[in-house]
Amino acid sequence: MPILIPEILFAIGKQIIENGKSENDVVKFVISGKESLKAARNVFASVKNLKINHCHFAIGWKKEYSEYNFLKIPKCLMYCIGGSVKKLYIKQQINPFFQPIIDTVIEKKQLISFSTSSKFYECEDILFLKNFLPQFSKTLKELSIPNQAMSGILRDSLRLKTLIFQNGCNRGLYFMLRPFPNTNEKSPFLSSVEHLLFKDISGHLHSSFDNYISVIKLFPSLKRLDFITICKDLNSLEIDIKVLSKLIKRTKYEFPQNVIYNVLLQKPLLNEIETILLNGVCSKFKYDSSNPKYHCFERSMLKKETFSSEISRRKLLVYIPKSKFYVER
């Protein structure tokens, strides 16, 4: 049975992390013996998901993360991280302490998903992205960055499945993404994206729809389009849904089959929103109450395809959090 001891210790060490135990609990496990130290190093080396802040980092293997202060975790464990990382989030300019981990991530080139905060677009941030992300051109499939951080280098080097733009959409994003004028060549970057998502915290999504449409039309392979927006008043919410419904039905705008409008509500609006939507702008939508976390409104719209007699179906879904799942933003 001794052959099982390393596996058992690895499972115990991983469970300590997954349970969100403190730095002290991690250290206690490490100093309990040579085999425990070796197991802990293997646990940290196996981390798949990593979030980096200035003084803290968070690690995990699935959706859950455990956060730690890097000053309280031994370096001999910290610098084991990186070789298995597939999902990376960087909140702000990297603390030099984390650079050996970043170097390992680059060396192993297994990164599938990368994201930053909505404020990650200073000059040094954009320069970092230009140098860092193209090194994962063969593996990276999901990217979430501020629209201000998009660059021609990223456009010309990456082939993504999912692209998320934070901070909404502006005209500059269109000029950054569009193919060069007077060329008939299709952009491999634009053609590769199947899921496009915009996060807009302005509270007035409809006022920028022209910019959104110009960008959306650049992506010929879209299967799903998401908008995530903060609703500051019910009038803006109703206008957003009305305008979006009309745009989807227009022949000249090529929307994907599934369009999702996800609303982050101000807390005072939560209790009245369901009744208002059912009796108002979403009265033609099918209401699904079975989702435990969201009010779900769905509407299917028929559309005649451009240059064809075929009729296609587009689906608009509106998701609004139920009050008990409200998270302060």
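Rule-based calculations on the coordinates, nothing more; no lab input. Predicted model, so just to flag it, every value in this text is computed and none were measured. A quick note on method: Cβ atoms are made from the backbone with ideal geometry, for glycine too, and the neighbour counts reach across all protein chains shown.
Give the label of the value calculated from the structure for volume of the Cα convex hull per residue in Å³, choosing from (i) 174; (ii) 138; (iii) 149.
Among (i) 174; (ii) 138; (iii) 149, the one derived from this structure is (i).
To the nearest 0.05, what FRET efficiency results for ILE5 and ARG159 with a Förster distance of 41 Å applied to their C-beta separation?
Efficiency, from the Cβ-Cβ distance: 0.40.
Quick one: order LEU163, LEU244 by neighbouring beta-carbon count within 10 Å, fewest to most.
LEU244, LEU163
Neighbour counts of other C-beta atoms within 10 Å: give me LYS21, LYS223 arranged from fewest to most.
LYS223, LYS21
Test of understanding: ordering VAL193, VAL43 by Cβ neighbours within 10 Å, fewest first, what list do you get?
Ascending Cβ contact count within 10 Å gives the list VAL193, VAL43.
Could you tell me which residue out of LEU71, SER22, SER36 lies farthest along the dipole of the chain toward its positive end? Charges go on the beta carbon: Lys and Arg +1, Asp and Glu -1, centred on the Cα centre.
SER36
I'd like the orientation of helix 270-279 relative to the chain: the angle between its Cα long axis and the longest Cα principal axis, in ° from 0 to 90, rounded to 10.
Here the helix axis deviates by roughly 30 degrees.
Sum -39500 (n - 2.57) across every DSSP H segment of at least 4 residues in the chain, then divide by the residue count to get the 222 nm mean residue ellipticity, nearest 500.
Counting only the DSSP helices, I get -9500 deg cm²/dmol.
To test your reading of the geometry: what angle, between 0 and 90 degrees and rounded to tens, separates the Cα axis of helix 99-108 from the longest principal axis of the chain?
The answer is roughly 70 degrees.
Considering the options LEU237, ILE112, LEU247, tell which one lies farthest towards the positive end of the dipole of the chain, charges being +1 on Lys and Arg and -1 on Asp and Glu at the Cβ, about the Cα centre.
LEU247
So if we plug the beta-carbon distance of SER66 and ASN131 into 1/(1 + (r/R0)^6) with R0 = 22 Å, what FRET efficiency do we get, rounded to 0.05?
After rounding, the FRET efficiency stands at 0.15.
Just need the relative contact order of region 1-85 here, percent rounded to a whole number, with Cα pairs under 8 Å and 6+ apart.
30
Beyond a 29 Å Cα-Cα separation, which of these cross-linked pairs lie in this structure: LYS51/LYS242; LYS28/LYS51; LYS109/LYS293; LYS141/LYS186; LYS109/LYS186?
LYS51/LYS242; LYS109/LYS293
Which percent, to the nearest 5, of DSSP beta bridges fully inside region 42-152 are antiparallel?
The answer is about 40 percent antiparallel.
Where both residues lie in the chain, what percent of DSSP beta bridges are antiparallel, nearest 5?
35
Classify region 47-131 as rounded, prolate or oblate from the Cα gyration tensor: take a ≥ b ≥ c as the square roots of its eigenvalues, call it rounded if a/c is under 1.5, otherwise prolate when a/b beats b/c and oblate if not.
Rounded, since a/c falls under 1.5.
With only Lys, Arg, Asp and Glu charged, each at its Cβ (+1 for the first two, -1 for the last two), find how big the charge dipole of the chain is about the Cα centre; round to the nearest 20 debye.
Dipole magnitude for the chain comes out near 660 debye.
Taking 0.36 nm per residue of separation and subtracting the Cα-Cα distance, what length does fully extending GLU23 through ILE201 add?
Extending this stretch completely gives an extra 60.6 nm.
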